[in-house]
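What follows is calculated from the coordinates using simple rules that are stated; it is not laboratory data. If you're wondering where the values come from, they're calculated on a predicted model, not measured in any experiment. Reconstructed Cβ throughout: ideal geometry from the backbone, glycine too, with neighbour counts over all protein chains shown.
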Amino acid sequence: MGKITPEDVEQVAELAQLTLDDDEKRRLAEDMGAIFSYLDKLNDLNTDHTEPMMHVLDMINVYRDDEVKPSLTREEAFQNAPQTDGEYFLVPKILEG
């Protein structure tokens, strides 16, 4: 990968809607350049005999089994609700249209 320039950083900052001063652009260009040069080193590694994996550690399902348990009645669920219509919780409208 070629050298990262402050102009490259400026383009990425515009896409992310960030405002950076010249010193920040220069510093981030250096930091991004160092990161990409490290990634280039990783690309040089021979991974022909490496099995793909989703995670570096062996993962097992840590969730408990589902068990049917008694739940709240509708009246109990609505007991502390500021507003209901008897069937649903009523909340303020936040989107127009």
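Annotation note: Cβ proximity below 6 Å between a residue of region 84-97 that is closer than 20 Å to residue 74 by Cα and a residue that is part of a loop (DSSP other than H, G, I, E, B) and not aliphatic (A, V, I, L, M) (sequence gap 6+ or interchain) occurs for 90/83. Tell me, please, whether a residue that is surrounded by fewer than 10 Cβ atoms within 10 Å (Cβ to Cβ), of a type in the set (A, V, I, L, M) and part of a helix (DSSP H, G or I) can be found in region 55-65. Among the residues of region 55-65, not one is surrounded by fewer than 10 Cβ atoms within 10 Å (Cβ to Cβ), of a type in the set (A, V, I, L, M) and part of a helix (DSSP H, G or I), which makes the answer no.
Quick one: which residue in 31, 58, 66, 40 is without any contact (Cβ under 8 Å) to a residue 24 or more places away in the chain and over 24 Å from the mean Cα position of the chain (by Cα)?
Testing whether each residue is without any contact (Cβ under 8 Å) to a residue 24 or more places away in the chain and over 24 Å from the mean Cα position of the chain (by Cα) leaves just 66.
Is it the case that region 38-47 has a residue that's on the phi > 0 side of the Ramachandran plot and in a loop (DSSP other than H, G, I, E, B)? Checked against the condition, which is being on the phi > 0 side of the Ramachandran plot and in a loop (DSSP other than H, G, I, E, B), region 38-47 yields no hits at all.
For region 1-23, what are the residues that are surrounded by 14 or more Cβ atoms within 10 Å (Cβ to Cβ) and touching a residue at least 12 places away in the same chain (Cβ under 8 Å)? Result: 4, 5, 6, 8, 9, 10, 13.
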